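The values are calculated or read from the model by the stated rules, or taken from the named source; none is laboratory data. Here the structure is a predicted model, which means the values were calculated and not measured. With ideal geometry, Cβ positions are generated from the backbone for all residues, glycine too; neighbour counts draw on all protein chains shown.
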Amino acid sequence: MAVYAVGDLQGCAREFKALLKKLKLKDSDELWLAGDLVNRGPDSLEVLRKLCDMGEQTRIVLGNHDLHFLAIVFGGHRAGTKDTLGELLAADDVEDLAHWLRGQKLIHRDHGHVMVHAGLPPQWSVRKALALALEAESVIGQSESEARTAAISYRDFFANMYGNHPAAWHDELTGLDRLRGIVNYLTRMRLLDAEGALDFAHKGGLAEKPLALSPWFVDPRSQRKNHAILFGHWASLNGDTATPGCIALDTGCVWGRTLTAYCLDTQRKITQAAMVAD
């Protein structure tokens, strides 16, 4: 059995299909997806339908663009001017796809690897990150009967998901602030200050980062003894962290570069170049 982890698809269905051909997946192989399945690219609907059809062969974590889509469907928010979700939102099966998507995880751990969309906060152990992720997953993935009696339903969460508060994690956080903090660290994190608080402004490369901030993966605590960390989200890194055990998978396919798969067994990367639209 082979396991491949793939970076941010962002609606790049053509490149995804071409990459799958290169991988020559067997039925026994696993395909891990590092989140941001949808948005910015042209074919979000096709991507979600394809992944639904793949069923148990996939292991998926949610990214910030996936959560944005869910907040539009379930939280009453509107699509933004830069979103490319029109076809997906107009599809007859949009709610079925959205319910399937909200059943996915925020963290996946197996085979000595942890996959999370934005990264693993250095101040959290793997065990703590999994426990906190489960708190949020338990709300995001509620059944309808659970949602009717919950203190915070999944619709409440998506209605109140947006915001940069709290920027710093505290174990004493409660309610929506706690859920928002967990989700922001796991799906939006790039740079941290000396106290471990999130910076939400910088999205570029490391050469242009503010001096007072550092990428989460350079903290010595990010080099986990028993786990390698797989993450997407930060296309400006172009797959390079220069940090052992922290493997960046987002190589900017939606921005005209490549889509990347990483084989956990061989530690080899397989890429597919972005395709020019017909």
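Go through Trp255, Trp216 for me and flag whichever is among the aromatic types (Phe, Trp, Tyr) and over 26 Å from Asp83 (Cα atoms).
Numbers: Trp255 fails: over 26 Å from Asp83 (Cα atoms).
Checking each option against the conditions leaves just Trp216.
Does region 120-143 hold any residues that are within 26 Å of Val73 (Cα to Cα), in a loop (DSSP other than H, G, I, E, B) and touching a residue at least 24 places away in the same chain (Cβ under 8 Å), and which are they? Spell out the reasoning first.
Taking region 120-143 as the starting set, the residues that turn out to be within 26 Å of Val73 (Cα to Cα) are 132-143.
Restricting the remaining residues to those that are in a loop (DSSP other than H, G, I, E, B) gives 141-143.
Selection gives Gly141 alone.
Applying the selection to region 28-51, what residues are surrounded by fewer than 20 Cβ atoms within 10 Å (Cβ to Cβ) and either within 11 Å of the chain's Cα centre (by Cα) or over 26 Å from Ile182 (Cβ atoms) (or both)?
Across region 28-51, the qualifying residues are Ser28, Asp29, Pro42, Glu46, Arg49, Lys50.
Only one residue in Asp83, Asp8, Asp66, Asp29 is under 18 Å from Asp96 (Cα atoms) and among the acidic types (Asp, Glu). Which one?
Asp66
For region 171-185, check the following and say yes or no: at least one residue is on the phi < 0 side of the Ramachandran plot, touching a strand residue (DSSP E or B) at 6+ places or on another chain (Cβ under 8 Å) and among the small types (Gly, Ala, Ser).
No: region 171-185 contains no residue that is on the phi < 0 side of the Ramachandran plot, touching a strand residue (DSSP E or B) at 6+ places or on another chain (Cβ under 8 Å) and among the small types (Gly, Ala, Ser).
Would you pick out the residues in region 56-68 that are in a helix (DSSP H, G or I), in contact (Cβ under 8 Å) with a residue 12 or more places away in the chain and out of contact with any Lys or Arg (no Cβ under 8 Å at 6 or more places or on another chain)?
Applying the first criterion (in a helix (DSSP H, G or I)) to region 56-68 yields 56-57, 64-68.
Subset that is in contact (Cβ under 8 Å) with a residue 12 or more places away in the chain: 57, 64-68.
Gln57, Asp66, Leu67, His68 - these are the residues of region 56-68 that are in a helix (DSSP H, G or I), in contact (Cβ under 8 Å) with a residue 12 or more places away in the chain and out of contact with any Lys or Arg (no Cβ under 8 Å at 6 or more places or on another chain).
Condition check ((1) touching a residue at least 12 places away in the same chain (Cβ under 8 Å); (2) among the β-branched types (Val, Ile, Thr)) across all residues:
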| site | (1), (2) |
| --- | --- |
| Val38 | yes, yes |
| Met54 | yes, no |
| Leu70 | yes, no |
| Ala79 | no, no |
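Look at region 224-273 and say how many of its residues are in contact with a strand residue (DSSP E or B) (Cβ under 7 Å, 6 or more places away or on another chain), among the β-branched types (Val, Ile, Thr) and in a loop (DSSP other than H, G, I, E, B).
2
Here's the yes/no breakdown for (1) modelled with pLDDT under 95; (2) under 26 Å from Thr84 (Cβ atoms); (3) buried (at least 19 other Cβ atoms within 10 Å of the Cβ); (4) charged (D, E, K, R):
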{"residue": "Gly204", "(1), (2), (3), (4)": "yes, yes, no, no"}
{"residue": "Glu208", "(1), (2), (3), (4)": "yes, no, no, yes"}
{"residue": "Pro220", "(1), (2), (3), (4)": "yes, no, no, no"}
{"residue": "Phe231", "(1), (2), (3), (4)": "no, yes, yes, no"}
{"residue": "Asp240", "(1), (2), (3), (4)": "no, no, no, yes"}
{"residue": "Asp250", "(1), (2), (3), (4)": "no, yes, yes, yes"}
{"residue": "Leu264", "(1), (2), (3), (4)": "no, no, yes, no"}
{"residue": "Gln267", "(1), (2), (3), (4)": "no, no, no, no"}
{"residue": "Ala273", "(1), (2), (3), (4)": "no, yes, no, no"}
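Among the residues of region 93-102, are any in contact with a strand residue (DSSP E or B) (Cβ under 7 Å, 6 or more places away or on another chain) and of a type outside the set (Ser, Thr, Tyr)?
Checked region 93-102: no residue is in contact with a strand residue (DSSP E or B) (Cβ under 7 Å, 6 or more places away or on another chain) and of a type outside the set (Ser, Thr, Tyr).
Among the candidates Arg155, Arg109, Arg78, which residue alone is of a type outside the set (S, T, N, Q), assigned to a loop (DSSP other than H, G, I, E, B) and either surrounded by 13 or more Cβ atoms within 10 Å (Cβ to Cβ) or out of contact with any Leu (no Cβ under 6 Å at 6 or more places or on another chain) (or both)?
Just one listed residue meets the conditions, Arg78.
Of all residues being within 20 Å of Val61 (Cβ to Cβ), assigned to a loop (DSSP other than H, G, I, E, B) and not aliphatic (A, V, I, L, M) in region 158-194, which is nearest to the chain's Cα centre (by Cα)? Just the residue, please.
Among residues in region 158-194 that are within 20 Å of Val61 (Cβ to Cβ), assigned to a loop (DSSP other than H, G, I, E, B) and not aliphatic (A, V, I, L, M), the one nearest to the chain's Cα centre (by Cα) is Arg190.
Conditions first: (1) closer than 17 Å to Arg257 by Cα; (2) crowded, with 22+ Cβ neighbours inside 10 Å. Arg14 passes all but one, so which condition is the exception?
Result: Arg14 passes all but (2).
Determine whether Glu146 is in a helix (DSSP H, G or I), over 22 Å from the mean Cα position of the chain (by Cα) and free of Cβ contacts under 8 Å to residues at least 24 places away in the same chain.
yes
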